[in-house]
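I have placed the structure first, in the form of structure tokens, so that the comments after it can refer back to it.
The values are calculated or read from the model by the stated rules, or taken from the named source; none is laboratory data. Given the structure is predicted, the values throughout are model-derived calculations rather than measurements. Here the Cβ positions follow ideal geometry from the backbone for every residue, glycine too, while neighbour counts run over all protein chains shown.
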């Protein structure tokens, strides 16, 4: 089998297109998962709960390539983390100095979330959605009496997403293990994962300080933008992801300007959000920039429903927070980037993630992070075959043409004389004189 090759440089990876990989099924589930809860909130007169219901609906984005049972387990794990993030964030939102409190709370939450994602092998990988759940909930001021309703709205939307995970198809077929159960005692990270968590803690903490000192209108956008490059597994992929974020956001702001000019409200705005969510999932797995063309206006329409502002203000804040978040993420990446040293006998995390081989004593990184780091994050990438390591060959085996990727040469077929002898050896008596099976078998 011919293996897929990675783009030659991180800049080429920015424009790389992955396969469709059954994205229409994920897009349908994601669109329904956000449409129905938002409609229910608006119909019940609880428009202030739209944000929390949308966060719970993000559970439908997990496990797009998994068979139904594995997808259900993965989404259940992600749902629990998203709902807890909403509950904690809603509690922070009731405090007057919530933006400063969000600095340590957001940083600690990002570190825990990335360890849970690595432990569960989530796809999409990283802590992007959990960080969004907590920071978005924490930056919208609410009274304490609204906290239970916000948590229930997120939980109800997550449960509906789990129901949608039962039917449908996936891009992979059979043989995929169910994600392991999450346990606190399994969260002590090996070195590469610990460095990855430290990167999140540093980046989200710095984003929190920038948010608290600048007083930006939609501060959670800075946290989300800072999380995007850090969810990629190596330096090359993080540079590509950052460039894709800039290109996709810039184009998406143009689309958002057209959408917001129509001033969608109520049910019309909810329908627009559902359509944009479907378009996001159709394109994110192929190229992250394409997904942002639709995700950016969706986020702005949803943000406008929660915190109304003029179109110019929304677009300017989104652009500014994208620049701040990416600057922080790239700085955190460079600070925590592991480099080879002459005394080091183990490959750095970047090499291990790119090659697909775990370090000694290390659990293999999630497939979503290892096989195509430049595809979307909310995103997923194409199937896992691109970088699956070749199976080990038995001692003495050779390959066609000496290539390590070649197929194994079959052993010589048994001679026709050897087959009767083997059958006779399994029989009850010796072979009859003169039979072909009486000939000695060559070693």
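If we keep just the residues of region 212-223 that are surrounded by 21 or more Cβ atoms within 10 Å (Cβ to Cβ) and farther than 15 Å from residue 141 by Cα, which is nearest to the chain's Cα centre (by Cα)?
Of the residues in region 212-223, the ones surrounded by 21 or more Cβ atoms within 10 Å (Cβ to Cβ) are 218-223.
Right, trim to farther than 15 Å from residue 141 by Cα and you get 221-223.
Working: 221: 18, 222: 19, 223: 16 Å.
Applying the filter and picking the extreme gives 223.
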Qualifying positions in region 267-296 - free of Cβ contacts under 8 Å to residues at least 40 places away in the same chain and over 20 Å from the mean Cα position of the chain (by Cα): 268, 269, 272
For region 211-235, how many residues meet the condition of being touching a helix residue (DSSP H, G or I) at 6+ places or on another chain (Cβ under 8 Å) and assigned to a helix (DSSP H, G or I)? 15
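Which is surrounded by 16 or more Cβ atoms within 10 Å (Cβ to Cβ), at pLDDT 90 or above and more than 17 Å from the chain's Cα centre (by Cα), of 56, 89? Can you show your working first?
Working: 56 fails: more than 17 Å from the chain's Cα centre (by Cα).
Every option except 89 fails the conditions.
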Looking at region 304-322, can you tell me whether even one residue there is in contact with a helix residue (DSSP H, G or I) (Cβ under 6 Å, 6 or more places away or on another chain), touching a residue at least 24 places away in the same chain (Cβ under 8 Å) and closer than 30 Å to residue 194 by Cα? yes
Hey, residue 97 on the phi < 0 side of the Ramachandran plot, modelled with pLDDT under 95 and surrounded by fewer than 20 Cβ atoms within 10 Å (Cβ to Cβ) or not: yes
Touching a helix residue (DSSP H, G or I) at 6+ places or on another chain (Cβ under 7 Å), modelled with pLDDT of 90 or more and not in a helix (DSSP H, G or I): does that describe residue 264? yes
Can you find a residue that is assigned to a helix (DSSP H, G or I), more than 20 Å from residue 155 (Cα to Cα) and in contact (Cβ under 8 Å) with a residue 24 or more places away in the chain anywhere in region 77-97? no
